[in-house]
1. Of I101, L113, L77, which is farthest towards the positive pole of region 68-135's charge dipole, taken about the Cα centre with +1 and -1 on the beta-carbons of Lys, Arg and Asp, Glu respectively?
2. Report the charge-dipole magnitude of region 68-135 in Debye, nearest 20, computed about the Cα centre from +1 at each Lys and Arg Cβ and -1 at each Asp and Glu Cβ.
3. For an R0 of 25 angstrom, estimate the FRET efficiency from the Cβ-Cβ distance between A111 and K50 and round to the nearest 0.05.
Amino acid sequence: MSEEKSRFRIKKGDIEIEYEGKSSEVNARYKEAFEWMKAVTISPPKPPPKKEDIGKKEKEKKPAVRTKGVTAEIDKLIEEGWMDDYKRNTEILKELERRAITGVYTQAIDAALRRRVGKTLERKKDEQENWGYRRMKESGG
């Protein structure tokens, strides 16, 4: 007499199930294995991010340093003569806050000041290694 033998193999990702035996038992086991495989969700491991991608994401997250109001207000301070003596960016921040200018932060002030160095401003480090900015002295005379 010959027995009815049957077998199956199911593979999902790295998991593989193989079974061989009597036909009726194989059918029952196949149904169990198939239902179990449907329930198991296997996601492939994510590759580590490339160094280039990390740099791009960091750049995208940074807010823009340029603020229109800060630039115009610094120009006003220069024209009024408020910056005839060396001022640090923290002093300028306090003055702009005193004048009720909103949305002002140190990085925006620093960027606006650095754009004017050599044109309308000169800068110098003080004893605490902080930059001080003042209006350029006009030459000639």
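Bear in mind these aren't lab numbers, they're just calculated from the coordinates by the rules spelled out. Please read all numbers here as calculations on a predicted model, not as lab measurements. So basically every Cβ, Gly included, is an ideal-geometry build from the backbone, and we count neighbours across all protein chains shown.
1. L113
2. Working: 16 positive and 14 negative charges, 53 e Å.
With Lys and Arg at +1 and Asp and Glu at -1, about 260 debye.
3. Working: r = 29 Å, r/R0 = 1.18.
Computed FRET efficiency for A111 and K50 comes out at 0.25.
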